[in-house]
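A.B. asks: This is the structure, below, for whatever I ask next.
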Amino acid sequence: IKDTIIEDCRKSDVWKILILDPFTTKLLSSCCKMSDLMTEKITIVEDLYKSREPVTEMKAIYFMSPTAKCVDAFIADFKNKPKYKAAYVYFTDYCPDDLFNNMKLHCAKYIRVCKEINLCFMPQEAQVFTCDNPGAFQSIYSSNSQDKKKTLETLADQLVTLCATLDEYPGVRYKKDSNMGNAKTLAELVDNKLVRHYELDDSGKKKGKTQAQLLIVERGFDPVTPILHELTYQAMAYDLVDIQNDTYKYKSKDGSEKQALLNEDDMLWVKLRHKHIAEVSEQIPKMLKEISASKKQPDGKITISNLAQMMKKMPAFRKHLTEKTVHLQLAEDCMQHFSNNVEKLCKAEQDLAVGSDVDGMKVKDPMRTLLPVLLHPYSTHDKIRAVLLYIFSLNGTTDENLNKLIQHVKIEDEREFILNWKELGVPIITSPNFFSRKPTRRDRSQEQTYNLSRWTPVIKDVMEDAVENKLETKEWPHQSECPAAWNGSGAVSARQKHKGSQDERRTGSRLIIFVIGGISFSEMRSAYEVTQAVKSCEVIIG
């Protein structure tokens, strides 16, 4: 955005208006503040779809998606009586010819710049992105969906703009699945579109593959992770506390309503979000103590220069204090829910998910683990989660057994909550003699874990295997040739008596993972953990 829109802005020294659609509004607010725009001579930001007062002496920048609705709104601004002196148009993606011609026909003399910036994904966090399309889930997995092919096409376009923004031309692989074909379809689409994108490069020379790998996988490959109650701070907060649009609302000590935004600007949030709630609850009170200690002047003498120093520090000081009180409150909220009912649930959930108890004893009869949960007055929602974990642990159950469970939880009307998982390729109802093998997991018996957090998301195994070049080609076929750094097991280095060349070759490489159907917070956390551990490779997930 800086290199294109802002750079063009700087060339002319006049103040301008910025006009955005709902998507670009979200996109911009994820990466800059109004004050950043003011310094670049943008006076006001307006909504493309709302009726606006004409300001004929000013130039307008339009940053919008290349859709008919946006283009029509743009044309309406200039067709009869122009609202602005001139238009600088930036599209988030390739603009179809018919829309472009329509614009030319009606507004050619007002358009000074028309560029396509490849940016139609939403940066969520430093290593997390989404395609910002909640409807895609239903479109891809609903049995009566009409527009699945179109949705996959759109997702593919979005993934190509992600790669382009990162300046990567990755090798593409997907998780093979005999029941579900979406990952393969999407991998083919992305690969073809990447070839096209890099052939049409402005510089005229073809771009070769970069040190990156893109893995595409469907949600059904690990149904357990999104269902479990997670006890790391971010995952727990979003699961148990009502946080809408990353905004946490709470009551302060004086009873007033307050709200805080949980995002990359809150350094404390970034520092704490992947820690276990037990550590968070320990750390925050300590920090508050440190703050109040630093507030007191050591020698008690108040001089003018002391005061001046204190005054200078005040805004930063207040910000730190507010951040800390917000997290003290949020952590308290989480712990409240935890001690009320989540704690007891977690033990049963972990046993069902992992298949063994805290002491490593195999769970022989999952029903005995599930029953106490069903008999306890937990919420229906929590019981459904436990029933699902029970079914996943068995790789499906019989029709008769499922009906009993549904009656027990009294969800005859909401049985779809359970049955619809089969649309994601997860076995729910199986015949009694059906036997399916569970995938083997990485051995983590040596890792330190909390008793109620023994489960590791399957995607973390995948990330580690990918980084160590251990992904089986049978399970993860290559859709396109794979970049040099990602093939071979480092055999070359052994011959050259030169350790670590595999790592050196791969320094600065990226592993991009896309999960069709959405990701959970613990999977986001895994991307950061693996990046921390291997250093030579950045893992990005979306």
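The values are calculated or read from the model by the stated rules, or taken from the named source; none is laboratory data. Everything numeric in this text was worked out from a predicted model, so none of it was measured. Methodologically, a virtual Cβ is constructed for each residue, glycine included, from the backbone with ideal geometry; neighbour enumeration extends over all protein chains shown. Accessible surface is based on the protein model in full, side chains and every heavy atom, while ligands, DNA and RNA are left aside. Shrake-Rupley method; radii C 1.70, N 1.55, O 1.52, S 1.80 Å.
A.B. asks: Quick one: which residues, 5 or more positions from Ile513 or on another chain, have an amide H under 5 Å from its amide H? H modelled 1.01 Å from N in the peptide plane, none for Pro or chain starts.
C.D. replies: Leu215, Ile540, Ile541, Gly542
A.B. asks: Roughly what % of DSSP beta bridges within the chain run antiparallel, to the nearest 5? Let's see the in-between values first.
C.D. replies: Details: 12 of 52 bridges.
For the chain, the DSSP antiparallel bridge percentage is about 25.
A.B. asks: Kindly report, to the nearest 10 Å², the accessible surface of Glu464 as traced by a 1.4 Å probe over protein heavy atoms only.
C.D. replies: Roll a 1.4 Å probe over it and Glu464 shows about 40 Å².
A.B. asks: Which label belongs to the value computed from this structure, given these candidates for Rg/Rh (Cα atoms, Kirkwood Rh): (i) 1.07; (ii) 0.97; (iii) 1.00?
C.D. replies: Step by step, Rg/Rh (Cα atoms, Kirkwood Rh) for this structure corresponds to label (iii).
A.B. asks: So how exposed is Met34, as accessible area in Å² (1.4 Å probe, rounded to 10)?
C.D. replies: Surface open to solvent at Met34 totals about 90 Å².
A.B. asks: Another question, then. Go through segment 90-107 residue by residue and turn each phi into a ³J(HN,Hα) via Karplus (6.51, -1.76, 1.60, θ = phi - 60°); whole Hz please, and just put x for glycine and proline.
C.D. replies: Listing the rounded values in order: 10, 9, 6, 7, 4, 9, x, 4, 4, 5, 4, 5, 4, 4, 4, 4, 9, 10 Hz.
A.B. asks: If you don't mind, there's one more thing I want to ask. Quick one: pull the percent of accessible area on the chain belonging to carbon and sulfur, 1.4 Å probe, ligands and nucleic acids left out.
C.D. replies: Reported share for carbon and sulfur atoms: 53 percent.
A.B. asks: I would also like to ask the following. Per DSSP H run of n ≥ 4, the term is -39500 (n - 2.57); total these for the chain, divide by its residue number, and report the mean residue ellipticity at 222 nm rounded to 500 deg cm²/dmol.
C.D. replies: On the way: 22 runs with 242 residues, N = 542.
One gets -13500 deg cm²/dmol as the mean residue ellipticity at 222 nm.
A.B. asks: Accessible area per residue of segment 146-201 at 1.4 Å probe, in Å²?
C.D. replies: Value for segment 146-201: 46 Å² per residue.
A.B. asks: Would you kindly derive the ³J(HN,Hα) couplings of segment 22-37 from the backbone phi angles with the Karplus curve 6.51 cos²θ - 1.76 cosθ + 1.60 (θ = phi - 60°), listing them in order in whole Hz, with x for Gly and Pro?
C.D. replies: x, 5, 5, 4, 5, 4, 5, 5, 6, 10, 7, 10, 4, 5, 4, 6
A.B. asks: Among Thr449, Gly425, Ile459, pick out the residue whose Cα is farthest towards the positive end of the charge dipole of segment 361-461, where Lys and Arg carry +1 and Asp and Glu carry -1 on C-beta, about the Cα centre.
C.D. replies: My answer, from the dipole projection, is Thr449.
A.B. asks: Right, here's the next one. Which residue, Ile111, Ser30, Leu48, has the largest displacement toward the positive end of the dipole of segment 1-156 when charges sit on each Cβ (Lys, Arg +1; Asp, Glu -1)?
C.D. replies: Ile111
A.B. asks: A further question follows. Tabulate in residue order the Karplus-calculated ³J(HN,Hα) for segment 533-540, using 6.51 cos²θ - 1.76 cosθ + 1.60 with θ = phi - 60°, rounded to whole Hz; enter x for Gly and Pro.
C.D. replies: Karplus-based 3J(HN,Hα) across segment 533-540 equals 6, 9, 6, 7, 9, 9, 9, 10 Hz.
A.B. asks: Something else now. Identify, among Ile411, His376, Gly171, the residue whose Cα sits farthest towards the positive end of the charge dipole of the chain, taking +1 on the Cβ of Lys and Arg and -1 on the Cβ of Asp and Glu, with the dipole about the Cα centre.
C.D. replies: So the residue furthest toward the plus end is Gly171.
A.B. asks: Please compute the net charge surrounding Gly517, taking Lys and Arg as +1 and Asp and Glu as -1 over other residues with Cβ under 9 Å from its Cβ. Walk me through the intermediate numbers first.
C.D. replies: Numbers: positive: Arg219; negative: Glu218.
Within the 9 Å Cβ shell, the charges total 0.
A.B. asks: Placing +1 at every Lys and Arg Cβ and -1 at every Asp and Glu Cβ, with all other atoms neutral, what dipole size does the chain have around its Cα centre, in debye to the nearest 20? Each step should come with its number before you reach the end.
C.D. replies: Numbers: 78 positive and 76 negative charges, 246 e Å.
That gives a dipole near 1180 debye.
A.B. asks: Could you rank His274, His337 by how accessible they are, 1.4 Å probe, largest area first?
C.D. replies: These residues rank, largest area first, as His337, His274.
A.B. asks: Once the other residues with Cβ under 15 Å from the Cβ of Ser252 are scored (Lys, Arg +1; Asp, Glu -1), what is the net sum?
C.D. replies: Within the 15 Å Cβ shell, the charges total +1.
A.B. asks: Can you spot the aspartates and glutamates whose alpha carbon is less than 12 Å from Lys26's alpha carbon? Ignore those fewer than 8 places along the same chain.
C.D. replies: The reachable aspartates and glutamates, counting only those whose Cα sits under 12 Å from Lys26, are Asp47, Asp132.
A.B. asks: Would you pull out the residues with amide H under 5 Å of Thr397's amide H, same chain only if 5 or more places away, H placed 1.01 Å from N?
C.D. replies: Ile429, Thr430
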